[in-house]
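Reviewing the structure listed below.
The values are calculated or read from the model by the stated rules, or taken from the named source; none is laboratory data. Since the structure is predicted, the reported quantities are computational estimates derived from the model, not experimental observations. Glycine gets a Cβ as well: all are built from the backbone with ideal geometry, and neighbour counts include every protein chain shown.
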Amino acid sequence: MPVKDDDVDALLPLPAAAFHILLALSAGDCHGYGIIQDVEARTSGALRLSPGTLYRTIQRLLEQGLIEEPRKLSRARVDPRRRDYRITPFGAAVARAETRRLTELVRLARNVWRGAPEPS
Amino acid sequence: MIRLYRALLHLYPASFRREYGDEMTEVFAQSYADATLPGRAGLVLRAVSDEIPNALAVHWAILIQDLRYTVRTLNRARGFALTAILVTALGVGANTAAFSVADFVLLRPLPFPDPESLVRLCEGPRTGAGWGCMNELSPANYRDLKTLSSSFQAMGAFVGAAANLVGGGEPRRLGITSVTPEVLPLLGVEPVLGRVFGSADEDRSSIVISHGLWHSQFGGDPGVLSRKVNLDGAPYTIIGVMPPAFYFPDRGTQLWTALTFQPADFEDRTNTYMHAVGRLKAGVTFEQARAELESLAARMSRDYPATNAETGVSFFRMRDNMSPRFRTMLIALGGATLCLLLLTCASLANLFLARATARERELAVRAALGAGKERLVRQLITESVILTVLGGAAGVALAAASVPVFSSLVPPTLPLASQPGLDLRVLALALVFTALTGLGFGLLPALRAGRRTEFDALRDTNRAGGGRKQRVRAVLVTVEVTMSVILLITSGLLIRAVWRVQAIDPGFVPQNVLTLNTPLARPKYDDPVRRYQFYQRVLTAVRALPGVENAAFTTGLPMVITGLITRVEVPGQEVRSSRTAGASHRWVTPDYFRTMGIPFRRGRDVEDSDTSRRQSVAVVSASFAERYWPGQDPIGKTFRHLDQTRTVVGVVGDIKVRGLERTSEPQMYLPAQQVPEGLPGGFDPKDLVIRHAGEEDALISAVRQIIRAVDPEQPISNVRTLEQVVAGETATRRAQLQVLGVLAAVAVLLSGVGIYGLLAYTVSQRALEIGVRLALGAEPSRVGRMIFADGMRLALTGILPGMLCAYAAARGMNALLFGVPPSDPATFATAVALALLMAFAGSLVPAIRAVRVTPMSVLRAE
């Protein structure tokens, strides 16, 4: 399915938790606890998702079609406590768009601070 | 610890929990296992503080989703949504309005402290018959009852009157009440400004004004105290202002003066003109006080046999000062709205059931696609709640709009505001009723969808008969028909009663007569010659106006002034008591009869030459002549009245002085110039009646100009037509009828819709069977008849119990029926015919649809 820019833009800006989950899944399929650990490691322990926030966000991302459950599609018997999630092409597009948006934001901020002392 | 976390997960919607609960627990368990000991404590704390907002967010997301879905589905089923909202609004609105009024008038305590111990006291027949104040009290009897009784904390007397107020704004005619100093304190309401009367002698020239008058006449001026005003020419000082919701003894009174007595006032025990109000001592019951008063009355009739032989006491709670008719009317109204509430619930249930049937497949599909039962239930609850909330809101608006319609059902004799506020408790109750119905029946399909195996409903075709659910719907439709028949019959009976009342000949011709009130202030007009000059100058000028046919002054309009009952003695005849054989009297100027359209029987009219120096004369009504001189020519006969001997010079037709529905005393009319000296101003002719053939507005302003030219200080009040006066007689009846009529119409409409809905569904369910029948050669007309028969069966099942209930209800409100029998065949026949017509109309479209079924179309659909 071709990814339309309008659909992508409609989802921006992404909530921080959603963005981190997408980043975690960009490295490969992963289950819930793995995502939490990945996010924690990436942020050097600054962000530790609670199970509630994690699965509420996962539910939303599933509904919006940004991620999917690959095993469910393959109809294999799944351990319900350890389901893997996979980022969809659409999800990847959204994550990239969010990255661009944040980069642009940071660039604008840098322009403002240029010459001025770095805010501590 | 893990168990605690699992319990915490119950905050989430079940669907979410089912999907992710295990995973979440697993994640939590792993984090818990990986964490250090102090880390674990933080983990638990974080879990608690995190899961609560997350759970709320998930709930909120579902609510938004359900709301969106509801808006979409209801938009698709607009007819259903509108009907459901309308039905709810009607049920909630009508019930709230009617019960607000009934509660206000019948149940809620009067706005005084400890209202249950407030009682009213008057003279009455020894039998204790009648309601309210039967006869007024004489000062002597009042004094004796007050000093001899021991049941009362306090007792006071009051007299109603009217006076012209000059001071503040425009001169005005006001209802005033003279009260003894006990009255206002015993009611227990403090003035908002100043004080009430201390002793009658000190406060002889003091007045206390109502909050309403303070605002309308003195602009709410806080410095109004000690202001001087003029009442009927005498100076008074304002000493107090009462609070806004204070009315005593009724809504009409706008200011209070002190009631004083002279020794001479206590001489005549038959001079009755006062009412009394009292507060019972703590611990004394109403019945004990009544027993004491009855024994006192018996003692007084022994002590003063000449005057008190027939005199008893009317004793009643202040709350009960309303005619039984008002009470019955309100109860009938309450019953009618209750009928409507039941009908509303039945209709709503029916609507939701019909919708449930239509949605069975949709829900089954959603269930098959993985929606849990809990999600379906939640969705349907959202939908029902939205419908009921919308309907309830419309109902509140409806109730607010219809309360004023009900206000004429508030009796004027109670010290209450004329309009009750909306009763929030009643509103809540009606809302809860409809909401429960909506929820209950809205949920049914979801529960079914959950129970059934998914494939059943998907496989389901129109072959199934419908079974139990359809029987429930049939019962509901029957209930609707029953309720509408009850409402139809009772309102039909009341319509007949109003017709009967309206068909009564008042004895005069009310059309094209304008009336207005010009009370002449005493002592300015103490001189009878001066009064008569006023009448003549006004009448001459008014008669000269274009379009005016005739005009005259009278002491009081019929049906407005219903009293003025006095004793008549005829020489040579036994003296009758004024209680049992009084006659109503009026002082009038010439041409009063022609102006009013009262037919002349014989003799002559009152004339300008009937002055106080000439022979005292009277024109009497036919029943007056018949009472005193049966079978004789009354002309030239004499009688004694107010210490004067009068000669009958003319006979006119009887009129309904006391009102259309009451028996009136025989009437006599006396010349305006022969008002005895010393009679109080209330007896003066003051109502101007004008028979005309033109535009009213122009006439009114012309008459105002004429009166201003004759006396610039003379106030004019109560400008209205005689037709309005007569119409006022049936105002409460018509108000009640309007309400009942609307309820009945709505009821018929709803049950018609109910029948239609059920039959239409039956036809669609049986389309295959009908198709097969037709294919096998059945006559289409026979199929149509079959559907009609179904409709009629539903109607008849509802009509029979409806007739029985209506008959029972009609017997209960016999007092309102004015002689129309509770089993009035014409009314019953009409109501049944209307109900059948409604059933016919409801079956028409389904029957036509059934006839049009073609075998091919049905089989193709299969």
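Hey, any hits in region B:647-670 for a residue that's among the aromatic types (Phe, Trp, Tyr), within 30 Å of B:Ala815 (Cβ to Cβ) and touching a residue at least 12 places away in the same chain (Cβ under 8 Å)? Break it down stepwise before answering.
Initial filter on region B:647-670 (among the aromatic types (Phe, Trp, Tyr)): B:669.
Filter again for within 30 Å of B:Ala815 (Cβ to Cβ), leaving none.
No, every residue in region B:647-670 fails to be among the aromatic types (Phe, Trp, Tyr), within 30 Å of B:Ala815 (Cβ to Cβ) and touching a residue at least 12 places away in the same chain (Cβ under 8 Å).
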Hey, among the residues in region A:35-45 that are exposed (fewer than 15 other Cβ atoms within 10 Å of the Cβ) and either in contact with a helix residue (DSSP H, G or I) (Cβ under 8 Å, 6 or more places away or on another chain) or within 12 Å of another protein chain (Cβ to nearest Cβ) (or both), which one's nearest to B:Ala35 (Cα to Cα)?
A:Gly45
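Does region B:303-320 include one or more residues that are farther than 19 Å from B:Asn135 by Cα, of a type outside the set (Phe, Trp, Tyr) and in contact with a helix residue (DSSP H, G or I) (Cβ under 8 Å, 6 or more places away or on another chain)? Outline the logic, then answer.
Residues of region B:303-320 that are farther than 19 Å from B:Asn135 by Cα, as a first pass: B:303.
Now drop any that are not of a type outside the set (Phe, Trp, Tyr), which leaves B:303.
After this cut, where a residue has to be in contact with a helix residue (DSSP H, G or I) (Cβ under 8 Å, 6 or more places away or on another chain) as well, the list is none.
No, because not a single residue in region B:303-320 is farther than 19 Å from B:Asn135 by Cα, of a type outside the set (Phe, Trp, Tyr) and in contact with a helix residue (DSSP H, G or I) (Cβ under 8 Å, 6 or more places away or on another chain).
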Checking B:Thr257 against (1) in a loop (DSSP other than H, G, I, E, B); (2) in contact (Cβ under 8 Å) with a residue 60 or more places away in the chain, which test does it fail?
(1)
Given (1) part of a loop (DSSP other than H, G, I, E, B); (2) surrounded by fewer than 16 Cβ atoms within 10 Å (Cβ to Cβ), number of the condition B:Tyr247 does not satisfy
(2)
Looking only at region B:775-789, which residues are out of contact with any Ser or Thr (no Cβ under 7 Å at 6 or more places or on another chain) and under 22 Å from B:Leu758 (Cα atoms)?
B:Pro780, B:Ser781, B:Arg782, B:Val783, B:Gly784, B:Arg785, B:Met786, B:Ala789
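Is it the case that A:Ala18 is away from chain B (no Cβ under 12 Å) and within 22 Å of B:Tyr12 (Cβ to Cβ)? Show your work before the answer.
Working: away from chain B (no Cβ under 12 Å): yes; within 22 Å of B:Tyr12 (Cβ to Cβ): yes.
Judged against the criteria, A:Ala18 is a match.
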With the requirement that a residue be in contact with a helix residue (DSSP H, G or I) (Cβ under 8 Å, 6 or more places away or on another chain) and exposed (fewer than 15 other Cβ atoms within 10 Å of the Cβ), what does region B:255-277 give you?
B:Glu267, B:Asp268
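Before we move on, is B:Val284 modelled with pLDDT of 85 or more and in contact with a Lys or Arg (Cβ under 6 Å, 6 or more places away or on another chain)?
On the way: modelled with pLDDT of 85 or more: yes; in contact with a Lys or Arg (Cβ under 6 Å, 6 or more places away or on another chain): no.
Answer is no for this residue.
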For region A:54-69, enumerate the residues that are more than 11 Å from every other protein chain (Cβ to nearest Cβ) and either closer than 14 Å to A:Leu11 by Cα or within 12 Å of the chain's Cα centre (by Cα) (or both).
A:Leu61, A:Gln64, A:Gly65, A:Leu66, A:Ile67
The strands (runs of 3 or more DSSP E) lying wholly within region B:494-592 that contain at least 2 residues that are touching a Phe, Trp or Tyr at 6+ places or on another chain (Cβ under 8 Å) and at pLDDT 80 or above are B:548-554, B:583-588
Take the residues of region B:195-244 that are free of Cβ contacts under 8 Å to residues at least 24 places away in the same chain and in contact with a Pro (Cβ under 7 Å, 6 or more places away or on another chain): which is surrounded by the most Cβ atoms within 10 Å (Cβ to Cβ)?
B:Gly198
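With the condition being of a type in the set (Lys, Arg), I'd like the helices (runs of 4 or more DSSP H) fully within region A:1-69 carrying at least 3 qualifying residues. Walk me through it before giving the result.
Working: elements: A:5-10, A:16-26, A:32-42, A:51-64.
In region A:1-69, no matching helices (runs of 4 or more DSSP H) lie anywhere.
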Do we find that B:Gly802 is closer than 19 Å to B:Ala346 by Cα, touching a residue at least 60 places away in the same chain (Cβ under 8 Å), crowded, with 22+ Cβ neighbours inside 10 Å and in contact with a Phe, Trp or Tyr (Cβ under 6 Å, 6 or more places away or on another chain) in this structure?
no
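One line per residue, one yes/no per condition, for (1) closer than 17 Å to B:Cys339 by Cα; (2) not β-branched (Val, Ile, Thr):
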| residue | (1), (2) |
| --- | --- |
| B:Gln736 | yes, yes |
| B:Leu758 | no, yes |
| B:Ala775 | no, yes |
| B:Met813 | yes, yes |
| B:Leu816 | no, yes |
| B:Gly819 | no, yes |
| B:Thr830 | no, no |
Taking region B:624-646, which residues are surrounded by 15 or more Cβ atoms within 10 Å (Cβ to Cβ), free of Cβ contacts under 8 Å to residues at least 60 places away in the same chain and more than 15 Å from B:Pro671 (Cβ to Cβ)?
B:Phe624, B:Ala625, B:Glu626, B:Arg627, B:Trp629, B:Pro634, B:Ile635
Of the residues in region B:16-56 that are at the interface with chain A (Cβ under 10 Å from one of its Cβ atoms) and among the polar types (S, T, N, Q), the one that is surrounded by the fewest Cβ atoms within 10 Å (Cβ to Cβ) is B:Ser49
Quick one: B:Gln65 ticks every box in (1) surrounded by 14 or more Cβ atoms within 10 Å (Cβ to Cβ); (2) in contact (Cβ under 8 Å) with a residue 24 or more places away in the chain; (3) not charged (D, E, K, R) except a single one, so which number is it?
(2)
Does B:Phe818 satisfy being closer than 30 Å to B:Leu660 by Cα and in contact (Cβ under 8 Å) with a residue 40 or more places away in the chain?
yes
